[in-house]
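Peer 1: If you scroll down you'll find the structure; I have some questions about it.
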Amino acid sequence: MKPRNIIIGQNVSPEKIKRAKELRKNMTPAEKILWEHLRAKRFHNLKFRRQQIIEGFIVDFYCHSLGLVIEVDGEIHNKQKDYDTERAKILSAKDLHILRFTNEQVTENIEVVLKAITEKIEDIEDLRDLRAAKEESKDEPDISFEELKKMLELD
């Protein structure tokens, strides 16, 4: 898999950087709860960043090694569904995986949220393993099912 370099070299305005810093200082209660679990490699020994700028968007939490974006949505997101859909499309085109939770899901049932994140991490790792296996077998010749049966004498 080719290396992902979506953070370094971005052309980010000073205003966007300032806004991301403001959001880090003024996290919502739900973001604070989730951040306590994700910060300092506490969760599966993965490094997460908060309020990371990617493609001009500020995402709530981001794990670069997995390409995982986690969003915690408040009431505002009910009014900007089209924006969120377009944003998700752009981030997904960068081979990023996006998980969304509501504030209520995080504040009322953090264990279920953490389980969902764990499952997504496992899915991403499985996908990487499949891609690596496919890449490794790229140079091997294709064998038809009939040839395989003959090789294994399965008649």
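The values are calculated or read from the model by the stated rules, or taken from the named source; none is laboratory data. In this text, all values refer to a predicted model and were calculated from it rather than measured experimentally. FYI the Cβ positions are ideal-geometry reconstructions off the backbone, even for glycines, and counts take in every protein chain you see.
Peer 1: Of the residues VAL112, VAL106, which is out of contact with any strand residue (DSSP E or B) (no Cβ under 6 Å at 6 or more places or on another chain), at pLDDT 95 or above and either among the β-branched types (Val, Ile, Thr) or not in a loop (DSSP other than H, G, I, E, B) (or both)?
Peer 2: Details: VAL106 fails: out of contact with any strand residue (DSSP E or B) (no Cβ under 6 Å at 6 or more places or on another chain).
Just a single option satisfies the conditions, and that option is VAL112.
Peer 1: Can you confirm whether ILE76 is β-branched (Val, Ile, Thr), closer than 17 Å to TYR62 by Cα and modelled with pLDDT under 95?
Peer 2: Details: β-branched (Val, Ile, Thr): yes; closer than 17 Å to TYR62 by Cα: no; modelled with pLDDT under 95: yes.
No; evaluated as a whole, the condition is false for this residue.
Peer 1: All but one of (1) at negative phi; (2) exposed (fewer than 12 other Cβ atoms within 10 Å of the Cβ); (3) not in a helix (DSSP H, G or I) hold for GLN10, so report the exception by its number.
Peer 2: Answer for GLN10: the failing condition is (2).
Peer 1: From the list LEU66, LEU130, exactly one residue is more than 18 Å from LEU23 (Cβ to Cβ), in contact (Cβ under 8 Å) with a residue 24 or more places away in the chain and within 19 Å of the chain's Cα centre (by Cα). Which is it? Before you say what the answer is, go through the steps one by one.
Peer 2: Details: LEU130 fails: in contact (Cβ under 8 Å) with a residue 24 or more places away in the chain.
Going through LEU66, LEU130 in turn, just one is more than 18 Å from LEU23 (Cβ to Cβ), in contact (Cβ under 8 Å) with a residue 24 or more places away in the chain and within 19 Å of the chain's Cα centre (by Cα): LEU66.
Peer 1: Just to verify a result, which residue in the range 134-152, among those that are aliphatic (A, V, I, L, M) and exposed (fewer than 10 other Cβ atoms within 10 Å of the Cβ), is modelled with the lowest pLDDT?
Peer 2: Here the residue is MET151.
Peer 1: I would also like to ask the following. Looking at the range 83-97, which of its residues are surrounded by 17 or more Cβ atoms within 10 Å (Cβ to Cβ) and not in a helix (DSSP H, G or I)?
Peer 2: LEU96, HIS97
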